[in-house]
Amino acid sequence: MSTKARTKLAGPVALALLAVAARAAADDGALIKKGEQLYDQNCSVCHQADAIGKPGFAPSLSNPELLSVASDKFLMSTIRDGRAGTGMPPFSHLGRENVRAIVAYLRSHPHPPNRSAAIDAQPQSHGDPRLGKQWFNDICATCHGVNGDGYAAGGTGTAIGTSGFLSKASDGFIRTTIKHGRSNTRMLGFQGADGLANLSDQEIDDIIAYLRTLPRQP
Ligand code: HEC
Ligand code: HEC
């Protein structure tokens, strides 16, 4: 093809690509709108309008750190299966497409880039569960309950000792959440200047090792 012909084509090709991009954006818009409606019907009674959550009742789902750390798989399977033994019911009856729309709506809230792929690929924890148990009882149990039972124990933290959470969260997910926390919730990070305490990487892995022993206990 001559240069001239190529320049002639460039305009229409670019326009066609723009049209494709515009259509994709419109599709996204429709999906998000559908997800918002489904959210308002099924979820807002607990997770509140705009998914801001309510301490001790249901976590925020529009939290920027959650949306940056959680994969679509984590969100979709948690919504599908719920968390047995907590107030989070299963929504498998909504079907995959509707759950996908809800996740698209949640992700339409402002958040840093989705880092879940790198976070889920982090190495597994290598820790001492006995040391982790001490840390947990000293600094986590007031909010998450002894054994990580969650709200049932009267605190504001979720049920991180149950298999409903542990079977879906990678060690990287748990590690990143412990380090950096979730802004505008009671879950402050445990590393760095504005952390609740300054835990070392090893201490955090000890806690994860302890959490991994919990669902098998009576
Ligand atoms: C009856 C109240 C209730 C309803 C309705 C409800 N949830 Fe939940 N949800 C909860 C509670 C309570 C938790 C925390 C469970 C725990 O302690 O681990 C939760 C946890 C979650 C989590 C995990 C969040 C995290 O921080 O890891 C997701 C995702 C979620 N819900 C999505 C939804 C969606 C989407 C809907 C609607 C389709 C919904 N929930 C409806 C009560 C509810
Ligand atoms: C002051 C209360 C508080 C303390 C102390 C606390 N947390 Fe949390 N944690 C929370 C709350 C609240 C959330 C959920 C945020 C929300 O409600 O939106 C949370 C969420 C989490 C999550 C994500 C759970 C999920 O359902 O997705 C993990 C993991 C976690 N905390 C681990 C820990 C560990 C480990 C410790 C101790 C080192 C700890 N937290 C100490 C309040 C606390």
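Laboratory data are not the source of any read-out in this text; all were calculated from the coordinates shown. As the structure is a prediction and not an experimental result, all values here were calculated from the model. Here Cβ is always computed from backbone atoms with ideal geometry, including for glycine, and neighbour counts include all displayed protein chains.
Here are the numbers:
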read-out: Test: residue in segment 192-206 that is outside any helix (DSSP H, G or I), under 22 Å from residue 53 (Cβ atoms) and in contact with a Gly (Cβ under 8 Å, 6 or more places away or on another chain); value: yes
read-out: When residues of segment 130-183 are limited to those that are within 11 Å of ligand 1 (Cβ to nearest atom), of a type in the set (Phe, Trp, Tyr) and under 18 Å from residue 209 (Cα atoms), the one surrounded by the most Cβ atoms within 10 Å (Cβ to Cβ); value: 165
read-out: Among the residues listed as 156, 185, 142, the single one being within 9 Å of ligand 2 (Cβ to nearest atom), over 14 Å from the mean Cα position of the chain (by Cα), in a loop (DSSP other than H, G, I, E, B) and of a type in the set (Val, Ile, Thr); value: 156
